[in-house]
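Worksheet: one structure, shown below.
Rule-based calculations on the coordinates, nothing more; no lab input. Keep in mind that what you see is a predicted model, and the values were worked out from it rather than measured. Virtual Cβ from ideal backbone geometry, glycine too; neighbours counted across all protein chains shown.
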Amino acid sequence: MFDFHCNTICYALTSLIVCDRFYMTIPFTFNTRFRSIKKWMPLLLFIVACCYLCYQQANGFWEFLRINWISFRFPYPLDYGEGQLLDKVLLLSRLESIYTSHPGISGPPYAICNYPPVYPLIQVPFAWLFGPAMWYGRAISILSILASAIFIGLTVHELTRNKFAGLIGGLTLLCFPYITGFSMFVRVDSLALGFACAALYTVVRWGGTLRGVVATAALLLASIYSKQSYGFVTPMAAFVWLYHEHSPRRAFELAALVAIPGLLLFGLINVVTNGSFYFNLVSATISDFTLWNVLYYLKNMLLAIHPLLYIGAFFYCIIGIWDNHRPISWWLVAPFFIGSLVTAILIGKTGASWNYLFEHSVAFALIAGCLFDLPGKRKCISGAIAFLLGLQIQIMIFWTKDFFLVPVQYKLDHRESIARMAWLVHEAKGYVLADQYSGLIPLDNRMLYLMPWEFKNAVESHIWSEQSFLVAIAKHEFGLFLIEDVPDGGFYIRFWTTEALKSISEYYYISEKIGNTLVYRPKSTTSR
């Protein structure tokens with residue numbers, strides 16, 4: 001696959017060079033008609049390249065809309081993390097705290113909440129009206145990504161005064177495989193990204209005024225309190241932009257308006273929850289960091305998924321070092337891209353996935369729009385950029401269809417099997433535990449006893465002891481286990497501790513296998 005993409009890129013670049021050499025060798029004095037063709041050739045090539053780019057972006061946008069519409073209508077879990085967040089929404093809808101776990105906990109629920117409260121809070125009115133469901137969380141995520149694309153387009157337009165460049169920037173975001181692949185889930189990332197992109201536009205459009213700085217700070221706080229990792233890239237880029245394009249005073253005003261209220265709110269929630277807020281957001285989220293994970297994702301991004309965008313980003317960042325070549329957008333986009341590289345390293349954490357690259361995708365979308373505008377009236381260069389960007393998007397769409405949507409498509413195709421598991425959860429006596437399909441538990445309005453991966457991480461980090469959990473297994477306190485049957489090798493997340501799996505095998509038996517999921521039921525005391 002990598003060789004195919006490399007060959008495609010090489011052929012495209014070679015064709016551009018050959019066409020350019022041929023064009024330059026055409027004599028001006030050949031005849032009037034040929035001189036006319038040569039005069040209009042750059043514009044013609046520019047139009048063809050832009051049409052090719054628009055066609056590929058339309059394909060990417062259609063793929064985004066298609067898969068998100070299907071997932072929006074799908075009533076069952078599509079991702080492991082959806083169950084945890086729906087459980088928090090239901091707790092808040094009953095006016096219960098979602099931050100109750102602490103290091104000394106010795107009984108259920110072992111309910112870690114990894115994120116700040118904004119995303120589940122927004123869903124509470126829907127839970128009151130419609131009960132437990134996935135669709136309203138997914139709707140918020142999908143609309144947040146669409147809003148992000150709009151704000152990126154507006155930001156690029158504000159920076160370049162080029163409407164087509166703004167359109168390119170906004171649509172490019174929707175073509176990224178991991179944007180399409182994760183925007184359909186009940187996850188906090190999309191909402192945090194939406195607030196962050198809105199803050200970028202606000203700081204560019206109104207950053208010179210106090211009202212604009214206040215509005216930007218409010219949006220940044222909303223982004224941070226949707227997902228805590230959004231407290232670095234966008235605030236840093238906004239600070240650099242204000243410092244260089246407006247005044248240091250405005251930059252430090254923004255920093256103060258984000259830092260002071262943010263820390264005060266954090267302290268207040270932490271005091272009210274008796275320290276559980278810090279434990280859930282910081283202590284319980286620390287996991288092993290593996291360089292191999294970073295290299296695995298970097299290899300795919302740099303060599304296969306979007307190599308041309310990395311080349312363009314490198315060129316854009318380097319050219320801005322010289323004052324006479326630096327575009328006005330450089331002081332916002334370059335710091336954002338560099339910051340996104342730093343946060344992208346977090347993907348090396350055990351259990352991390354492509355959603356850690358949302359801000360990295362925004363950086364590339366901003367660069368795509370700004371790069372297109374960079375040559376100005378030089379249509380040949382703009383056309384070449386448009387063509388290469390269209391080729392890059394074509395490659396990304398290929399990855400979206402053939403890699404990122406495969407797990408989701410599997411669940412969409414096995415709707416009847418998941419419905420069967422949902423019925424088993426509803427009929428089960430006592431607690432129910434699951435890994436990939438843990439979202440079926442809160443969908444049945446049941447308490448989430450624990451999330452296996454978070455519990456496993458806390459046990460292996462010596463934060464919690466699993467002894468009481470093992471005793472509960474031996475006492476048959478669980479009416480049902482739904483455990484994914486994964487291969488021995490490969491890149492898979494192990495949800496359960498070894499001791500937990502041994503106890504489940506000892507005190508429970510496999511009653512059936514539904515798809516890739518093993519259904520465990522309690523063994524009778526006589527059979528043991």
>> Run the helix sum for the chain: -39,500 (n - 2.57) per DSSP H stretch of 4+ residues, divided by residue count, reported at 222 nm to the nearest 500 deg cm²/dmol.
In response: -21000 deg cm²/dmol
>> Under 17 Å between alpha carbons, and skipping anything fewer than 8 positions from K523 in its own chain: which lysines qualify?
In response: K429, K475, K502, K513
> Taking θ as phi - 60°, what are the ³J(HN,Hα) couplings along segment 194-201 by the Karplus curve (6.51, -1.76, 1.60), each to the nearest whole Hz, with x for Gly and Pro?
Replying inline: x, 5, 5, 5, 5, 5, 4, 5
>> If you restrict to DSSP beta bridges whose two residues both lie in segment 414-522, what percentage is antiparallel, to the nearest 5?
In response: 70 percent
> Of all trypsin sites (Lys or Arg not before Pro) in segment 70-125, which ones are in loop regions per DSSP and have a Cβ with at most 11 other Cβ atoms within 10 Å?
Replying inline: R94
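Hey, can you rank 373-381, 136-144, 106-114 by average C-beta count inside 10 Å, highest first?
On the way: 373-381: 15.7, 136-144: 20.3, 106-114: 18.4.
Answer by packing, highest mean first, reads 136-144, 106-114, 373-381.
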>> Modelling each spin label as a point 7 Å along the Cα-to-Cβ direction, I'd like the R73/I286 distance in nm, to one decimal.
In response: 4.7 nm
> Between L518 and residues 5 or more places away or on another chain, which pairs have amide H atoms under 5 Å apart, with H built 1.01 Å from N, and which residues are they?
Replying inline: I483, E484, D485
> In percent, how large is the relative contact order of the chain, given Cα pairs closer than 8 Å and 6 or more residues apart?
Replying inline: 21 percent
> Short version: ³J(HN,Hα) in whole Hz for each residue of segment 505-516, in order, from phi by Karplus 6.51 cos²θ - 1.76 cosθ + 1.60 (θ = phi - 60°), x for Gly and Pro, what are they?
Replying inline: 5, 6, 9, 10, 10, 7, 7, 6, 10, 10, x, 9
> Around Y508, which amide H atoms from residues at least 5 apart in sequence, or from another chain, sit under 5 Å from its own amide H, with H modelled in the peptide plane?
Replying inline: K523
>> Cross-link candidates for K227: which lysines have Cα within less than 29 Å, leaving aside residues fewer than 8 places away along the same chain?
In response: K88, K299, K349, K401, K411, K456
> So what's the gap between the Cα centers of segment 330-398 and segment 138-194, to the nearest angstrom?
Replying inline: 12 Å
>> Can you tell me the orientation of helix 2-25 relative to the chain, as the angle in degrees between its alpha-carbon axis and the longest Cα principal axis, to the nearest 10?
In response: 10 degrees
>> Run the paramagnetic zone check for S511: 7 angstrom along Cα to Cβ, then residues of segment 452-481 with backbone nitrogen under 13 Å.
In response: 478-481
> Taking every DSSP beta bridge that has both residues in the chain, what percent is antiparallel when rounded to the nearest 5?
Replying inline: 70 percent
>> To test your reading of the geometry: what angle, between 0 and 90 degrees and rounded to tens, separates the Cα axis of helix 307-319 from the longest principal axis of the chain?
In response: 60 degrees
> With Cβ to Cβ distances under 14 Å as the rule, what net charge do the other residues near F64 carry (K, R +1; D, E -1)?
Replying inline: +2
> Ranked highest first by the average count of other Cβ atoms within 10 Å around their residues, in what order do 279-288, 384-393, 115-124 fall?
Replying inline: 384-393, 115-124, 279-288
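Using a Förster distance of 56 Å, how high is the FRET efficiency between L43 and K299, based on the Cβ-Cβ distance and rounded to 0.05?
Once the sixth-power term is evaluated, E becomes 0.90.
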> To the nearest 10 degrees, how steep is helix 248-272 against the longest Cα principal axis of the chain, on a 0 to 90 scale?
Replying inline: 10 degrees
>> With θ taken as phi - 60° and the coefficients 6.51, -1.76 and 1.60, list the Karplus ³J(HN,Hα) couplings across segment 295-300 in order, rounded to whole Hz; mark glycine and proline as x.
In response: 5, 4, 5, 4, 4, 5
> Measuring from label point to label point, each 7 Å out along Cα→Cβ, what is the E460 to T498 span in nm?
Replying inline: 1.2 nm
>> Suppose we keep just the alpha-carbon trace of the chain; what are its Rg and Dmax in angstrom?
In response: 25.9, 101
